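Working notes, beginning with the structure itself.
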Amino acid sequence: MYKKLLLKRSIIYYILSDVESIDVMKMDVEGHEYSVLMGGKKLLSEQKIKHIIFEDHATYPSEVAQCLLDYGYSIFRLEKGWFGVQLKDPITAPKFSGWEPVNYLATSDVQTVDAIFIKKGYQCLRWA
């Protein structure tokens, strides 16, 4: 079951507080990721969100990345390639397209991420 929610940063916790866990949260808030995370501090501290995909306009480790690291998440840089999405060390230099921000995956479950990204091609994007 997939659910798409549009949330205001200040109420993220109140909307999601009764949720047992969230498998994947995609943030695309054009530079306001840190504010969104601050609205969900309790969700992060309890690691109710397993995987967080986000864009970052700042250099790694940014305020957003550091926040997630402080809450115990591991971070990978996502890089598009001919054979699908690849996990990269976030410290390594990304291939810039000139206009596209860098995408990252923060996870509290590295084993699952490793198992998912072993799949070849874009099949790795199937989380089930």
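All of the numbers you see were taken from the coordinates with simple rules; none came from a lab. Note that the structure is predicted; figures quoted are calculated from it, not measured. Because the Cβ atoms are built from the backbone with ideal geometry, glycine has one as well, and the counts that use them run over all protein chains shown.
At-a-glance table
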read-out: Partner aspartates and glutamates for K95 [C-alpha distance under 15 Å; skip if fewer than 8 residues away on the same chain]; value: E55, D56, E79
read-out: Pairwise label distance in nanometres, D28 with Q47, each label 7 Å out on the Cα-Cβ vector; value: 2.8
read-out: Förster-model FRET efficiency, 41 Å R0, H57 and A115, C-beta, rounded to 0.05; value: 0.85
read-out: Segment L69-D18, length gained on full extension (0.36 nm per residue, minus Cα span); value: 15.9 nm
